[in-house]
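Worksheet for the structure shown next.
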Amino acid sequence: MSDPDCIFCQIVAGELPSQKIDEDERTIAFMDISPATRGHALVIPRAHAVDLTEIAAEDLQATILAAQRLARRDFERLHCDGVNLINSCRSAAWQTVFHFHIHVIPRYDDDPLRLPWTPAPGDQDEIAAVAEVLR
Ligand code: 5GP
Ligand code: ZN
């Protein structure tokens with residue numbers, strides 16, 4: 001339920017300060033300490049879960065609904081032009097805090113964020129082969 005060594009569990013418990021902006025029975029949301037853009041927030045389940053593969057279905061559902069709530073608020077109150085939801089699952093995917101979280105990042109037409117990959121058509125045989133593995 002809670003990991004005493006986890007900083008996000010400590011935020012849930014009120015043992016570490018945070019700028020909390022939303023909460024419900026299963027989730028809390030607070031401002032990211034190193035914001036990518038104005039309004040960058042994190043939504044987390046109250047119950048400790050390391051990542052996407054481990055979070056309970058009810059907590060995942062509550063967390064994504066809270067992210068939607070915040071995204072709508074971002075449009076209304078920050079007048080952003082877009083929103084990215086980002087979840088990183090494990091170190092290879094940039095996860096640095098191992099308590100599941102969704103980044104809610106307001107986007108502005110003139111902000112400096114860029115896609116981390118360069119879109120280019122892939123090899124059709126490779127795409128089909130990996131699709132077969134995933135079916
Ligand atoms: P990750 O890299 O795991 O996807 O995201 C972790 C996020 O947590 C980072 O964006 C980082 O800035 C944020 N973060 C790390 N420590 C703290 C903290 O103590 N308080 C808050 N509010 N955010 C934190
Ligand atoms: Zn935790």
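The values are calculated or read from the model by the stated rules, or taken from the named source; none is laboratory data. Keep in mind that what you see is a predicted model, and the values were worked out from it rather than measured. Every residue, glycine among them, receives a Cβ derived from its backbone with ideal geometry; neighbour counts consider all protein chains shown. Accessible surface is based on the protein model in full, side chains and every heavy atom, while ligands, DNA and RNA are left aside. Shrake-Rupley method; radii C 1.70, N 1.55, O 1.52, S 1.80 Å.
Let me cross-check GLU54: its accessible surface, 1.4 Å probe, with only protein heavy atoms counted, in Å² to the nearest 10?
120 Å²
Taking amide H atoms as placed 1.01 Å from N in the peptide plane, list the residues 5 or more away in sequence, or in a different chain, whose amide H sits under 5 Å from that of ALA56.
For ALA56, no residues qualify.
Kindly express, to the nearest 10 degrees and within the range 0 to 90, the angle between helix 124-134's C-alpha long axis and the longest C-alpha principal axis of the chain.
Roughly 50 degrees, rounded to the nearest 10.
How much of the pair distance distribution for the stretch 28-75 lies past 13 Å, counting alpha-carbon pairs only, in percent? Walk me through the intermediate numbers first.
On the way: 662 of 1128 pairs.
That fraction is 59 percent.
When the helix-only estimate is applied to the chain (DSSP H runs of n ≥ 4, each -39,500 (n - 2.57), divided by the residue count), what is the mean residue ellipticity at 222 nm, nearest 500 deg cm²/dmol?
Working: 3 runs with 35 residues, N = 135.
Taken over the chain, the calculation gives -8000 deg cm²/dmol.
Please give the charge dipole size of the stretch 39-135, origin at the Cα centre, charges +1 on K and R Cβ atoms and -1 on D and E Cβ atoms. Round to the nearest 20 debye. Can you show the working numbers first?
Numbers: 9 positive and 14 negative charges, 93 e Å.
Taking the Cα centre of the stretch 39-135 as origin, the dipole is about 440 debye.
Take the chain, connect every pair of alpha-carbon atoms lying under 10 Å apart with a spring to form a Gaussian network, then pick out the residue of ASP51, ASP123, ASP32 with the largest mean-square fluctuation.
Per the Cα network of the chain with a 10 Å cutoff, ASP123 tops the list.
Could you give me the ³J(HN,Hα) list for the stretch 47-54, computed from phi with Karplus coefficients 6.51, -1.76, 1.60 and θ = phi - 60°, whole Hz, x at Gly and Pro?
Per-residue couplings from phi come out as 7, 5, 8, 5, 7, 4, 6, 10 Hz.
Using modelled amide H (1.01 Å from N, peptide plane; none on Pro or chain starts), what sits under 5 Å from the amide H of SER2, excluding residues fewer than 5 places away?
Close amide H contacts, sequence-distant or interchain: HIS48.
Once you measure Cβ to Cβ distances between cysteines in the chain, which Cys have no partner under 4.7 Å?
CYS80, CYS89
Give me the 1.4 Å probe accessible area per residue for the stretch 23-89, excluding ligands and nucleic acids, in Å².
Values: 3640 Å² over 67 residues.
It amounts to 54 Å² per residue over the stretch 23-89.
Tabulate in residue order the Karplus-calculated ³J(HN,Hα) for the stretch 81-94, using 6.51 cos²θ - 1.76 cosθ + 1.60 with θ = phi - 60°, rounded to whole Hz; enter x for Gly and Pro.
Ordered by residue, 3J(HN,Hα) equals 9, x, 9, 9, 9, 10, 10, 10, 10, 6, 4, 4, 9, 5 Hz.
Based solely on C-alpha atoms, express the radius of gyration and the Dmax of the chain in angstrom.
For the chain, the Cα radius of gyration and maximum Cα-Cα distance read 16.8, 52 Å.
Tally Lys/Arg at +1 and Asp/Glu at -1 over every other residue whose Cβ is under 10 Å from the Cβ of ARG46; what's the total? Provide the component values of the computation, followed by the final result.
Values: positive: ARG26; negative: GLU23, ASP24, GLU25, ASP59.
Every neighbour counted, the sum reads -3.
Could you tally the net charge around ALA56, taking each other residue with its Cβ under 14 Å from the Cβ of ALA56, Lys/Arg +1 and Asp/Glu -1?
-3
Between ASP74, ASP24, ASP109, find the one with the highest GNM mean-square fluctuation for the chain; connect C-alpha pairs within less than 10 Å.
In the Gaussian network model the winner is ASP109.
Can you give me the angle between helix 57-73 and the longest principal axis of the chain, using Cα atoms only, in degrees from 0 to 90, rounded to the nearest 10?
The angle comes out at about 80 degrees.
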